1. Kindly provide the set of residues from the range A:16-36 that are part of a loop (DSSP other than H, G, I, E, B) and surrounded by 21 or more Cβ atoms within 10 Å (Cβ to Cβ), ordered by number.
2. For the range B:103-113, enumerate the residues that are assigned to a helix (DSSP H, G or I) and among the small types (Gly, Ala, Ser).
3. Six or more apart or on different chains, Cβ atoms under 6 Å: show the pairs whose first residue is in the range B:92-115 and of a type in the set (A, V, I, L, M, F, W, C) and whose second is in a helix (DSSP H, G or I) and buried (at least 19 other Cβ atoms within 10 Å of the Cβ).
4. Would you pick out the residues in the range A:119-141 that are surrounded by 12 or more Cβ atoms within 10 Å (Cβ to Cβ), out of contact with any strand residue (DSSP E or B) (no Cβ under 7 Å at 6 or more places or on another chain) and more than 13 Å from chain B (Cβ to nearest Cβ)?
5. So A:Met100 clears everything in (1) crowded, with 22+ Cβ neighbours inside 10 Å; (2) not in a helix (DSSP H, G or I) except one condition, right? Which one?
6. Scan the range A:37-68 residue by residue and report those that are part of a loop (DSSP other than H, G, I, E, B) and β-branched (Val, Ile, Thr).
7. Condition test on A:Thr45, is it in contact with a Ser or Thr (Cβ under 8 Å, 6 or more places away or on another chain), surrounded by fewer than 24 Cβ atoms within 10 Å (Cβ to Cβ) and β-branched (Val, Ile, Thr)?
8. Hey, could you check the range A:69-89 for residues that are crowded, with 17+ Cβ neighbours inside 10 Å and in a loop (DSSP other than H, G, I, E, B) and say which is nearest to the other protein chains (Cβ to nearest Cβ)?
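Read-outs: derived from the displayed coordinates by stated rules, not from any lab. These figures come from a predicted structure and were not determined experimentally. Here the Cβ is made from the backbone with ideal geometry for all residues, glycine too, and neighbour counts use every protein chain on show.
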Protein chains: 2
Amino acid sequence: MDITSTSLSLNEKTHHDTAPGVVVYVCRSCRSEADPNADPRPGATLAQAAIALGDAEGVNVRSVNCLANCKRGLSAAIRSADGWSYMFGSLSEDDAADLMVGARLLASAPDGLMPWRGRPDSLKRGLVARIPPLNFTEETS
Amino acid sequence: MDITSTSLSLNEKTHHDTAPGVVVYVCRSCRSEADPNADPRPGATLAQAAIALGDAEGVNVRSVNCLANCKRGLSAAIRSADGWSYMFGSLSEDDAADLMVGARLLASAPDGLMPWRGRPDSLKRGLVARIPPLNFTEETS
């Protein structure tokens with residue numbers, strides 16, 4: 001399987017898109033701290049699993065060569081067209097399903113913010129940062 | 001000064017926009033590790049300085065209440081419309097000018113990637129992560 005390819009769902013439009021306007025980017029280069037020379041790299045394994053699951057579940061998943069989050073374990077970004085974007089680290093090879101849940105949570109959020117409630121533990125513990133939409137103006141708090 | 005406001009440059013369109021398509025978001029809530037109770041918070045000081053400088057230099061700067069990068073010192077994101085977005089931590093109150101340089105570097109990058117060369121040290125050392133543009137598809141490497 002070519003893990004650099006995108007999930008089929010969005011290319012072929014054969015599936016129902018369950019997280020419209022959201023793309024999950026998984027870093028395929030992330031290494032294991034415990035075994036830096038592991039081959040395939042754990043990031044590649046997670047990327048492959050997430051792409052396959054995204055294809056099955058209608059979530060747009062792409063692998064990427066580097067998210068520059070290298071010090072913080074397996075990494076993925078969940079990016080939305082009009083809302084906030086989220087960077088996660090400290091993921092495991094088994095977290096593909098959690099990324100699908102996060103993508104759907106973000107896609108269905110009326111305020112463009114991924115709700116805390118319902119978020120899988122890996123996307124709570126692993127939160128690295130979030131970036132506002134392009135023309136975000138906050139109310140005075 | 002209301003630090004929740006955006007820089008005037010983009011609202012009033014009176015200045016030359018030197019980083020078109022790019023917005024700098026500065027977290028105004030970031031605390032000092034050395035003095036967590038400092039008031040104003042160092043993040044607010046950096047945000048205020050960056051907004052003033054952005055106004056003078058034609059860079060769109062906005063303050064934001066939280067970028068969820070709280071463990072990694074003073075934080076800012078440089079977000080582009082069509083390119084990559086970057087998250088930085090470990091900034092100091094004096095790094096407003098560096099953020100302007102980074103914004104212009106990103107705005108002028110033909111490939112949407114902020115070049116390493118020419119990047120201020122604070123934006124090299126402080127790089128936390130980068131997020132691809134929404135519909136990024138990488139060539140097979």
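1. A:Ala19, A:Arg28, A:Cys30
2. From the range B:103-113, those assigned to a helix (DSSP H, G or I) are B:103-107; that's our starting set.
The answer is B:Ala103, B:Ala107.
3. B:Ala96/B:Ala49; B:Ala96/B:Ala50; B:Leu99/B:Ala50; B:Met100/B:Glu57; B:Met114/B:Leu105; B:Met114/B:Leu106
4. The one that is surrounded by 12 or more Cβ atoms within 10 Å (Cβ to Cβ), out of contact with any strand residue (DSSP E or B) (no Cβ under 7 Å at 6 or more places or on another chain) and more than 13 Å from chain B (Cβ to nearest Cβ): A:Pro120.
5. (2)
6. Step one: of the range A:37-68, the residues part of a loop (DSSP other than H, G, I, E, B) are A:37-41, A:58-59, A:65-68.
A:Val59 - this is the single residue of the range A:37-68 that is part of a loop (DSSP other than H, G, I, E, B) and β-branched (Val, Ile, Thr).
7. Details: in contact with a Ser or Thr (Cβ under 8 Å, 6 or more places away or on another chain): no; surrounded by fewer than 24 Cβ atoms within 10 Å (Cβ to Cβ): yes; β-branched (Val, Ile, Thr): yes.
Here the answer is no, as A:Thr45 does not meet what is asked.
8. We begin by selecting, within the range A:69-89, every residue crowded, with 17+ Cβ neighbours inside 10 Å; these are A:69, A:72-80, A:83-89.
Going one step further and asking which of them are in a loop (DSSP other than H, G, I, E, B), we end up with A:69, A:73, A:83-84.
On the way: A:Asn69: 4, A:Gly73: 12, A:Gly83: 11, A:Trp84: 9 Å.
Ranking the qualifying residues of the range A:69-89, first place goes to A:Asn69.
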